[in-house]
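The values are calculated or read from the model by the stated rules, or taken from the named source; none is laboratory data. These numbers come from a predicted model, not from an experiment. Positions of Cβ are backbone-derived with ideal geometry, glycine not excepted, and every protein chain shown enters the neighbour counts. The protein model used for the area step is the full one, side chains on, heavy atoms only, and it has no ligands, DNA or RNA in it. Shrake-Rupley method; radii C 1.70, N 1.55, O 1.52, S 1.80 Å.
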Amino acid sequence: MSKHSFSPESLMMSYGYKPELSEGAIKPPVFQTSTFVFKTAEEGKAFFELAYGIRNKAQNEELGLIYSRINNPNLEILENRLCLWDKADDCAVFESGMSAISTVFLEFLKPGDLLLISLPVYGGTDHFVHHYLPSIGVNVIGFNASHTEEEIIAKIEQTGKADRLSMIYVETPANPTNQMIDIERCSKIAKQYSTSEKEVVVAVDNTYMGPLWSHPIQLGADLVIYSATKYIGGHSDLIAGAVLGNATLMKRVKTLRTFLGNMASPNTCWLLLRSLETLKVRMEQQTRNAQAIAQFLQAHPKVEQVYYLGLLKEGTKEHELYKRQYTAPGAMISFDIKGGEKEAFTFLNHLKLFKLAVSLGSTESLAQHPATMTHAGVDIASKIELGISEQLVRLSIGVEAVEDLLWDIDQALDQIPPFNTQQINTSEADLSSALV
Ligand SMILES: *Cc1c(COP(=O)(O)O)cnc(C)c1O
């Protein structure tokens, strides 16, 4: 028999769990326990020696179960399975995406350090970076998808603190406009500023495209971060986060997590294990639906412009970067409706199957208005610069039948009174052509 290694989707049902340790149960029970009983005092001593780093692991030695803030079977099985998608050494799961993100910032940024961050980023990240980090003496500079390598380096040099650059933090594609940041370029800049004493860490928030459609560690990133609330959880019924990376960096992340106490609960981990079994089929259906919807929107007379990676033209620079970084265009679509807030709201208020809610990556399709909802806190100048206009609507596409989603969008767009002189109704023919 030839050697064969299983794909992550084949391992999501069993990897890292031994039924014989749980009465033969095919699925792990919820280990709803705060503490674990040691067989002997010597065993307890050995576990603590590893937990506190008093000595290194012996060959094949694993950290034993001590206390659920440090480790728990549900947490460990989940972390082991998440490692498979990103081919990471280790993973730490958190009680939210924001606790994963803030823990990474707090571990790798010290007073006087410089953080380079891509903009726009998730609202919670933006607030932490621009309000909390400066209060502990961290300097922050931003760049966006339009900046060249030379321009980014010039920005770093202009601060006069290039020697204190400690982290490059990237969110790509950007929310809500799907602008892409080049991860390999960021990794190259990080190497340029790393010294033997200080490694510049590249951290990528991969919530929009992972863990299926992009693998930032393979592109040179050191840490990958998720809001597991989104695709990984995928059912809009929990909040969680994750960080993945090499053993050295993850040891630091996990140690700080032990003391902040922001690990996910056994129950949340159990739900995430269940979600992971269908991750690939869900995400594939979502991106197939999204591609059809984006094409339909692009052809619709009441739509001015659609921002979706699956519409990038071959031969363009963007398409080249897309091919390098992603294996599918994802399930997040933004588009400008002809008109302004009034037209956008009319559309949103008339949707019947889509739910009017923020968040993303879930089984059900969602719609929202970034300018007044997720990005309400962004100042006007930045909104203009980033293209977050009053006409912009963001969709997260779910697993429903695509013809139902297309019908819903079509009828809601029909409710918008004619904006210009002519109102053109989409015909049945337009609808069916979007299905292929
Ligand atoms: C939702 C989200 C977060 C925050 O995650 P929570 O689980 O809500 O704390 C961070 N980054 C991105 C890109 C997100 O979409």
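Annotations
- Contact annotation: residue pairs with Cβ atoms under 6 Å, 6 or more positions apart or on different chains, pairing a residue in region 160-179 that is outside any strand (DSSP E or B) with a partner that is crowded, with 23+ Cβ neighbours inside 10 Å and among the basic types (Lys, Arg), are 176/394.
- Residue that is open to solvent by 10 Å² or more (accessible area, probe 1.4 Å), among the charged types (D, E, K, R) and either assigned to a strand (DSSP E or B) or modelled with pLDDT under 95 (or both), where the choices are 342, 352, 383: 383
- Residues in region 1-17 that are assigned to a loop (DSSP other than H, G, I, E, B), at pLDDT 95 or above, out of contact with any Pro (no Cβ under 8 Å at 6 or more places or on another chain) and not aliphatic (A, V, I, L, M): 5 in all.
- Conditions (1) away from the ligand (no atom under 12 Å from the Cβ); (2) over 12 Å from the mean Cα position of the chain (by Cα); number of the one not met by residue 211: (2)
- You will find that of 283, 250, the residue that is of a type outside the set (Phe, Trp, Tyr), in a helix (DSSP H, G or I), within 25 Å of residue 96 (Cα to Cα) and within 16 Å of the ligand (Cβ to nearest atom) is 283 and no other.
- In region 261-307, of all residues being of a type in the set (Ser, Thr, Tyr) and within 19 Å of residue 227 (Cα to Cα), the one that is farthest from the chain's Cα centre (by Cα) corresponds to 265.
- Residue match in region 132-147 (condition: open to solvent by 10 Å² or more (accessible area, probe 1.4 Å), within 15 Å of the chain's Cα centre (by Cα) and either in the same structural domain as residue 193 (by TED's automatic domain parsing) or away from the ligand (no atom under 12 Å from the Cβ) (or both)): no
- Every residue from region 30-46 that is under 24 Å from residue 271 (Cβ atoms) and free of Cβ contacts under 8 Å to residues at least 40 places away in the same chain: 34, 35, 36
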